[in-house]
1. Looking only at segment 48-65, count how many residues are part of a loop (DSSP other than H, G, I, E, B), buried (at least 16 other Cβ atoms within 10 Å of the Cβ) and of a type in the set (A, V, I, L, M, F, W, C).
2. Please go through segment 255-306 and give me each residue that is basic (K, R) and modelled with pLDDT of 90 or more, ordered by number.
3. Given the options L123, L118, name the one that is surrounded by 13 or more Cβ atoms within 10 Å (Cβ to Cβ), part of a helix (DSSP H, G or I), of a type outside the set (D, E) and at pLDDT below 90.
4. Name the one entry in T185, T137, T191 that is in the same structural domain as V108 (by TED's automatic domain parsing), surrounded by fewer than 19 Cβ atoms within 10 Å (Cβ to Cβ) and not hydrophobic (A, V, I, L, M, F, W, C).
5. Here are some residues: L149, L103. Which one is farther than 23 Å from I230 by Cα, in a helix (DSSP H, G or I) and at pLDDT 90 or above?
6. Residues V86, V132, V79: which one is touching a residue at least 24 places away in the same chain (Cβ under 8 Å) and buried (at least 16 other Cβ atoms within 10 Å of the Cβ)?
7. In a helix (DSSP H, G or I), surrounded by 12 or more Cβ atoms within 10 Å (Cβ to Cβ) and without any contact (Cβ under 8 Å) to a residue 40 or more places away in the chain: does that describe L164?
8. Under 6 Å between Cβ atoms, which residue pairs at least 6 apart in sequence (or on different chains) link something in segment 170-181 that is at negative phi with a partner that is outside any helix (DSSP H, G or I) and among the aliphatic types (A, V, I, L, M)?
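The values are calculated or read from the model by the stated rules, or taken from the named source; none is laboratory data. Not measured: the values here are computed from a predicted model. Counting neighbours? That spans all protein chains shown, and the Cβs are built from the backbone with ideal geometry, glycine included.
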Amino acid sequence: MEAKFGRNSKPIRLTANRLLGRDWAIAYPFLLPMLAVLLGLVAYPFFSAIWLSLTSTTIGSPGNFIGLGNYVHLLNDRVFANSVFVSLVYTISAVGLKFLVGLLAALVLNEALPPKNLWRMLLFLPWSVPVVINAYTWRWIYDDLSGVLSQTLIQWGLTDRYILWLADKSLALRSVIAVELWQGTPFYIMTFLAGLAAIPHELYEAAKVDGAGAVRRFLHVTLPSLTPVITIVVLLSTIWTANNMQLVYVLTRGGPARTTEIFPYLAYATAIQAKNLGLGAAIPLMFFPFMAVIIYFLTRRMLRQE
């Protein structure tokens, strides 16, 4: 019986090795704690949100299964359409500005700019401060009556009145983007500096021998060498910027007149303030396919680098 069992178990073991890997029996016990965390903190909340979005659940009421009713409602909702537009403008503008400023600052700091370490420390400070504290600091700077920014502009003679940075519909979104630029640019600078430090100096020396100037060295040596770093940083920043609502929550609460209402804040306002949990869960899931595409390309790029 033992010999027979051994003969039958060998094909099963070979099949398991082929599907799961040769050392699966040793590896999977070590992976079980991580898998449990992923299932408990990622998979379960994600699939629970999907189920919630298919119901009419509200706070205090279990609701009923309505299928794709919430998604159909969002596709015909002007408020949601406005949130999509604002989110696109906010994300594209913030990521683009952070990329340009971060790359320029990294190129300057990479040169012998005395005192180099002091400038790096000062530029990294916004990254070390919590987002909420940064947001409340800028809310005080933008204050309509006692804000430092308006008072400084008046003292310098650049304006003769207080500017409503967060209450003016034409300025509110730009003001929030400026705070996001100030908060997020150090991440770009640190990453680009690391990428610049990894470029061999022999490439620049060879380019100089060939008669390439500073612009040509940047276009043909620096930029191609930084392309993998730029791709990863931009994709990560796009995900973080699009899903971050802390600045909007503290500075404007989506106002004035919904001009700064990005989709994470709309989801919060719908689910918590309006108490419509089902519809609130459907809002971020409407954006999930776009985020999944970005995550796919990000993962593919990182694995290719490995």
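1. 1
2. R258, K275
3. So the residue among L123, L118 that is surrounded by 13 or more Cβ atoms within 10 Å (Cβ to Cβ), part of a helix (DSSP H, G or I), of a type outside the set (D, E) and at pLDDT below 90 is L123.
4. Exactly one residue qualifies, and that residue is T137.
5. Step by step, each of L149, L103 is checked, and only L149 is farther than 23 Å from I230 by Cα, in a helix (DSSP H, G or I) and at pLDDT 90 or above.
6. Exactly one residue qualifies, and that residue is V86.
7. Judged against the criteria, L164 is not a match.
8. A172/L166; S175/L166
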